[in-house]
1. What is the number of the single condition among (1) of a type outside the set (A, V, I, L, M, F, W, C); (2) modelled with pLDDT of 85 or more; (3) within 30 Å of residue 41 (Cβ to Cβ) that residue 60 does not meet?
2. Just for the range 95-135: of the residues that are modelled with pLDDT of 85 or more and loosely packed, with under 12 Cβ neighbours inside 10 Å, which one is nearest to residue 33 (Cα to Cα)?
3. Residue by residue through the range 79-135, note down the ones that are in contact with a Lys or Arg (Cβ under 7 Å, 6 or more places away or on another chain) and among the small types (Gly, Ala, Ser).
Amino acid sequence: MEASRFTLFKYCFVNIVIKKVLKERVMNKYRSVIIWLFILILSMSLSLSWDVGKLDDVFNQTILFQVRLPRLLEAMLTGAVLTLAGQVYQIVLNNPLADSFTLGLASGASLGSGIALFLGLSFLWFPIFSIIRLV
């Protein structure tokens, strides 16, 4: 009888610990997203409550939907892509501290952009010269 109670207690204790660990992992995973959404909603509600921009005005709608939101989405997409690129560097090099300076890629891209700037080309040529310099 005592052995079955101990086994039942051990089984319940292990299940509780596993559920708690899994719950903590899920919460840690989504914590930054939840914080980011909270800050976004808070800042937008404050700007609307302070009459910084009323959404019934056509000019403010144009600025919000055609200028600010595309920039916000572009910044989020750029951050995600840079994060992914950094993770690829770390996986390929098997080094958790690796970055673009490890292989000299950032320096080569900067040199290519500097050459385009020195030649007086428009800003549209900067990425092309950065990529050419890397090859």
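1. Looking at each condition in turn, residue 60 falls short on (2).
2. Looking at the filtered set, the residue picked out is 124.
3. Answer for the range 79-135, where residues must be in contact with a Lys or Arg (Cβ under 7 Å, 6 or more places away or on another chain) and among the small types (Gly, Ala, Ser): 108, 109, 112.
The values are calculated or read from the model by the stated rules, or taken from the named source; none is laboratory data. On a predicted model such as this, the values are computed, not experimentally measured, just so you know. Because the Cβ atoms are built from the backbone with ideal geometry, glycine has one as well, and the counts that use them run over all protein chains shown.
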